[in-house]
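Visitor: Here it is, the structure, as structure tokens.
Values quoted throughout were computed directly from the atomic coordinates according to the rules given, and no laboratory measurement underlies them. Note that the coordinates shown come from a computational prediction; the quantities given were computed from them, not determined experimentally. When we count neighbours, we look across all protein chains shown, and the Cβ atoms used for this are built from the backbone with ideal geometry, even at glycine.
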Amino acid sequence: MPQYCAANFCSNRRTVDVRTRGITFHKFPKDKDMRKKWEASLQRERFTASNSSVLCSEHFKREDFDRTGQIVRLRDGAIPSIFSFPADLQRPEKSRMTVTSIKVEPCLSVASQDTTETCTSQPQPQPNDDHGYALPASLTAVTAKLKEALARVESLEREKKNAMAREKRAKTTVQSLLGDLSDKKLINKKLRERLELYSGKMKLAL
């Protein structure tokens, strides 16, 4: 049965379709203190993570990930921080923000902004972020999505390259085997022609 992301209002689950979108899933830390920090960040009342509980990568910042290997991993000390909570669960944030801030508030217009322009203190409507169908509310989240997609493309390209190399080795092995059997006259023409279809080699006259 597919695992669902433990975050409230997140519909992502561990399936092939979700993974093709570059979304990865990560288990809660074994360290008790770090696990409590993850649980607290979810703002889920009376929630306690189990050994199988997971969070998807859309709740972490780009810098929280280590993508140097073939497997996307979270860096030590990474804590989930990207959520779409209802207005009554939103934590108060500073009203004065600049364009160069790490988080870009929804009230900042996409049009040109002065670097010292501030957001209004009036509460802004929260986006209905269904991950795959709505744009994230912050530039950081958009960048993270792009990085994850590019990483997925690179991973698929490596898998394709490895598969082609394995296929080439297999064909070479079959061709060598055909040559040995032919030299020893242990194979007839009909069987040889069939095997040559799998080796990718042109048919040779006996």
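Visitor: Beyond 23 Å between alpha-carbons counts as too far, so tell me which of Lys161/Lys189; Lys27/Lys147; Lys36/Lys147; Lys36/Lys61; Lys27/Lys61 fall in that bin.
Guide: With Cα atoms farther than 23 Å apart: Lys161/Lys189; Lys36/Lys147.
Visitor: Counting only other residues whose beta carbon sits under 14 Å from that of Arg166, what net charge do I get with K and R as +1, D and E as -1?
Guide: +4
Visitor: Let a ≥ b ≥ c be the square roots of the eigenvalues of the Cα gyration tensor of segment 1-84; is it rounded (a/c under 1.5), or, if not, prolate (a/b larger than b/c) or oblate?
Guide: It is oblate, given that a/c is not under 1.5 and a/b is not larger than b/c.
Visitor: So, one more: What list of ³J(HN,Hα) values in whole Hz, one per residue of segment 10-22 in order, does the Karplus curve 6.51 cos²θ - 1.76 cosθ + 1.60 (θ = phi - 60°) give from phi, with Gly and Pro shown as x?
Guide: For segment 10-22, the Karplus curve yields 10, 9, 5, 9, 6, 9, 4, 4, 5, 5, 5, 7, x Hz.
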